[in-house]
1. Only one residue in L347, L338, L315 is touching a residue at least 40 places away in the same chain (Cβ under 8 Å) and closer than 23 Å to L286 by Cα. Which one?
2. Being at pLDDT below 90 and among the hydroxyl-bearing types (S, T, Y) is true for just one of T170, T174, T215. Which residue is that?
3. Would the range 318-326 turn up any residue that is surrounded by 17 or more Cβ atoms within 10 Å (Cβ to Cβ), within 15 Å of E289 (Cβ to Cβ), charged (D, E, K, R) and touching a helix residue (DSSP H, G or I) at 6+ places or on another chain (Cβ under 9 Å)?
4. Which one is surrounded by the fewest Cβ atoms within 10 Å (Cβ to Cβ) among residues in the range 152-171 that are touching a Gly at 6+ places or on another chain (Cβ under 9 Å) and without any contact (Cβ under 8 Å) to a residue 60 or more places away in the chain?
5. Quick one: which of F98, F134, F149 is among the aromatic types (F, W, Y) and at pLDDT below 90?
6. Could you count how many residues in the range 232-245 are closer than 18 Å to N265 by Cα and surrounded by 23 or more Cβ atoms within 10 Å (Cβ to Cβ)?
Amino acid sequence: MNPSILQNYQNNFIVFLNLFFLSFLSLSQFHCATTKINSDNDYIARTDASPPEPLPPEYSPPDIGICKGKIEQSIQKNENKEYTIFLIDQSGSMEALFSEDKSRMEVAKDLLIDEVRKLNTGKDTADFFGIYSFGANGCNCIEEIQSPFHSFDKESVVAKIQLLQPSYGTPIATSLEIMEELLTDKQGKFHITLISDGLESCEGNCVEAVSRLSTLKNVQFDTVYVEVVIAGIDLNDSDEEELKALSYIAKTDYIPIKNISDFKNLVSNRNITSNPIKPYCSITNLPQELIQNCYDQYVVIDLKSKRKKDLYYSLLLNYESWFSRDQAYTYFRNECPLQPNSIQEILENKLQDSNLLNFEGGKINDTLEKIKRCEMD
């Protein structure tokens, strides 16, 4: 073979190996990103996003505050109440100008202080209000400004908020993981709002973290419920897409903060109450998120969103009642599901049932055909 041709083959093969190796490295790390899954602009997480910019070598804040894996679970039982918790980004980018002559951090501090001053002290709503910041304490820890489980000193909380200064990175995953550790032995309803002006910068798996926290269940109590709301401050379109993915996983609405009015509405409209939450409804196996009201003989279900409708009718597909299953077949023949693959899997499994009657098998096949057309549209 001509030596020059052989050399070209060798060079091309080396380039191929380099590209393959780089591709393997990029896919071996999970980063938060999104892809649209249907015409309704719903999002799921994917792993093919470019990793965030590495932190500079001088990024080495001490691990202080509340740190991952070092939380001692409380022996005392907390009250079965509603709790509001804010997780505030304290990264260096929060120093950017947000409105007139105030930075993002300054606006956040002002609004939180205003909200704290409105709260009553004693055995009232303030005792169920928590604030934490993340970023200044490194990649493994967060700062506790006020625990929702401890006594509330208004002036002390205000003083701590005033001391917050933007610095270092954005450990979103760590903040969510620590929340999971803090709430593991607790009961109640927890409204957690994470406010950030950027993406994960500590190589944490924020997708797994938000999934675990939002589905946290306490084996000892039946009344634990966690709602995780993600709010993005002044983000560009691509970064906003990534935080929307976290909201999709948490099954909550993403909240964009583009001005002070958006910020103020977010802080002041979070639930801060001390009312006991309702226990799970014992007369039905439906998930709690679908139950609007529970009575002795019946329940009122909440089907206000497309996601909840899909969930409800997907459960009906496996009911013993033919009437319930027929309702589900009719629904999915007329409504394209947000997650068609999961519905197809349920239907295909039902077709394997040896006791399935022919006329029901026909309905299942008709429904499958309709769902496949949805994917093509």
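The values are calculated or read from the model by the stated rules, or taken from the named source; none is laboratory data. Just so it is clear, the structure is predicted and the values come from calculations on it, not from any experiment. Cβ: placed from backbone, ideal geometry, glycine included. Neighbour counts: every protein chain shown.
1. After ruling out the rest, the residue left standing is L338.
2. Unique residue meeting the criteria: T215.
3. Checked the range 318-326: no residue is surrounded by 17 or more Cβ atoms within 10 Å (Cβ to Cβ), within 15 Å of E289 (Cβ to Cβ), charged (D, E, K, R) and touching a helix residue (DSSP H, G or I) at 6+ places or on another chain (Cβ under 9 Å).
4. Among those residues, the one meeting the criterion is F152.
5. Answer to the selection: F149.
6. Total meeting the criteria: 2.
Residue by residue, here is whether (1) surrounded by fewer than 21 Cβ atoms within 10 Å (Cβ to Cβ); (2) in contact with a Gly (Cβ under 8 Å, 6 or more places away or on another chain) holds:
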{"residue": "E144", "(1), (2)": "yes, yes"}
{"residue": "S175", "(1), (2)": "no, no"}
{"residue": "G188", "(1), (2)": "no, no"}
{"residue": "H191", "(1), (2)": "yes, no"}
{"residue": "E200", "(1), (2)": "no, no"}
{"residue": "E203", "(1), (2)": "yes, no"}
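A quick yes/no check of all residues on (1) of a type outside the set (G, A, S); (2) touching a helix residue (DSSP H, G or I) at 6+ places or on another chain (Cβ under 9 Å); (3) closer than 28 Å to I249 by Cβ:
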{"site": "E95", "(1), (2), (3)": "yes, yes, no"}
{"site": "F98", "(1), (2), (3)": "yes, yes, yes"}
{"site": "D114", "(1), (2), (3)": "yes, yes, no"}
{"site": "S151", "(1), (2), (3)": "no, yes, no"}
{"site": "A173", "(1), (2), (3)": "no, yes, yes"}
{"site": "D185", "(1), (2), (3)": "yes, no, yes"}
{"site": "K189", "(1), (2), (3)": "yes, no, yes"}
{"site": "I192", "(1), (2), (3)": "yes, yes, yes"}
